[in-house]
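Here is the structure we will look at, set down as structure tokens.
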Amino acid sequence: MTKAIIEKQVGIKKATPEKQATLGFVFGIISILSFVSLYDYDPGSFHSSPPTQNSPLLGQVGLSLASNILGIFGISAWLLPWLFGTLSFLSFRKTQNKEKLSKFLTIALSIFSICILANIRDVQIREDGKSSLFNPNIYVHGAGGSVGAFIYSGQPISSQPEEQVGGFFRLWLGSLGATMLALCILFFCLSIHFSFSPFQFFLTRIKIWKDLSKQNRAEISEETQTKEPKEKNVPDEVEVSNKEDKKKKWKLPWNSDDGEDDLLFGDV
């Protein structure tokens with residue numbers, strides 16, 4: 001059974017080049033618009049009509065778009081242009097739907113985990129009586145947005161616990177458990193997105209370390225083998241020198257060398 005027949009039976013439809021180009025164009029426009037709206041967002045202009053100071057580049061549409069995505073995702077909203085830009089690039093590149101889905105899910109889960117981490121940190125700072133690290137007029141639902149607040153602290157973030165909705169992670173996992181889970185998700189997603197295998201990396205490093213240790217052991221064994229014959233020859237040389245010293249000690253006067261003078265009969 002050929003691949004075409006299988007795809008026909010399963011119902012798999014390949015996107016035409018025109019459809020892929022259209023999707024790439026749409027995703028690219030969304031990426032650019034979201035980035036421009038975030039970059040040009042001013043909360044003072046959003047609550048005034050007509051807008052104060054300089055007019056926004058995208059007008060009230062850009063202000064509404066930025067206000068909503070910042071309120072929903074918090075600081076993770078800045079990853080949305082990356083998300084749609086990646087989808088646009090993959091569409092123009094004519095990649096398979098499986099790869100597109102993988103890239104989309106890894107970025108989406110990264111945004112999800114950053115929302116949780118930002119909300120955890122924001123709640124800890126608020127509980128200490130300090131002001132938030134980010135402008136509350138821009139991030140109206142906290143640094144983690146509504147997503148992070150609903151998952152961890154409860155929404156709305158500034159209200160009393162009995163008035164909040166959500167907060168499941170804080171109840172069941174606590175700050176440490178939620179932080180560890182979010183970090184694991186973030187690390188796992190980024191490693192898949194950038195085709196980086198952490199396990200393969202550590203296994204390669206361990207293999208290199210083992211090879212180096214084996215090489216060092218081989219060099220040490222060779223050095224010891226070369227030193228052993230020299231050490232064995234040293235006692236023989238010492239014995240020879242001791243025998244010569246003994247001969248010199250038992251040497252009689254009439255066996256002295258010709259060049260030496262006799263102390264008793266030298267003048268006779």
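Got at least one residue in segment 44-59 being hydrophobic (A, V, I, L, M, F, W, C), on the phi < 0 side of the Ramachandran plot and at pLDDT 85 or above? No: segment 44-59 contains no residue that is hydrophobic (A, V, I, L, M, F, W, C), on the phi < 0 side of the Ramachandran plot and at pLDDT 85 or above.
Screening Val147 against (1) modelled with pLDDT of 90 or more; (2) aliphatic (A, V, I, L, M); (3) surrounded by fewer than 18 Cβ atoms within 10 Å (Cβ to Cβ); (4) closer than 30 Å to Ile29 by Cβ leaves a single unmet condition, (3). Counting only helices (runs of 4 or more DSSP H) that sit wholly inside segment 60-148, those with at least 1 residues that are among the charged types (D, E, K, R) are 80-93, 97-127.
Among the residues making up segment 1-29, a single one is at pLDDT 90 or above, buried (at least 17 other Cβ atoms within 10 Å of the Cβ) and not small (Gly, Ala, Ser): Phe27. For the condition on the phi > 0 side of the Ramachandran plot, free of Cβ contacts under 8 Å to residues at least 12 places away in the same chain and out of contact with any Lys or Arg (no Cβ under 8 Å at 6 or more places or on another chain), Gly166 does not qualify. In segment 139-150, the condition of being in contact (Cβ under 8 Å) with a residue 40 or more places away in the chain and among the hydroxyl-bearing types (Ser, Thr, Tyr) is met by at least one residue. Residues that are under 13 Å from Pro17 (Cα atoms) and free of Cβ contacts under 8 Å to residues at least 24 places away in the same chain were ranked within segment 91-105; the one that is surrounded by the most Cβ atoms within 10 Å (Cβ to Cβ) is Thr95. Within segment 123-134, the set of residues being out of contact with any helix residue (DSSP H, G or I) (no Cβ under 8 Å at 6 or more places or on another chain) and either at pLDDT 85 or above or not assigned by TED's automatic domain parsing to the domain that holds Asp42 (or both) comprises just one member, Ile125. Screening Gly71, Gly62 for residues that are surrounded by 16 or more Cβ atoms within 10 Å (Cβ to Cβ), modelled with pLDDT of 90 or more and not aliphatic (A, V, I, L, M) leaves exactly one candidate, Gly71.
The values are calculated or read from the model by the stated rules, or taken from the named source; none is laboratory data. Nothing here was measured: the structure is a model prediction, and the numbers come from that model. When we count neighbours, we look across all protein chains shown, and the Cβ atoms used for this are built from the backbone with ideal geometry, even at glycine.
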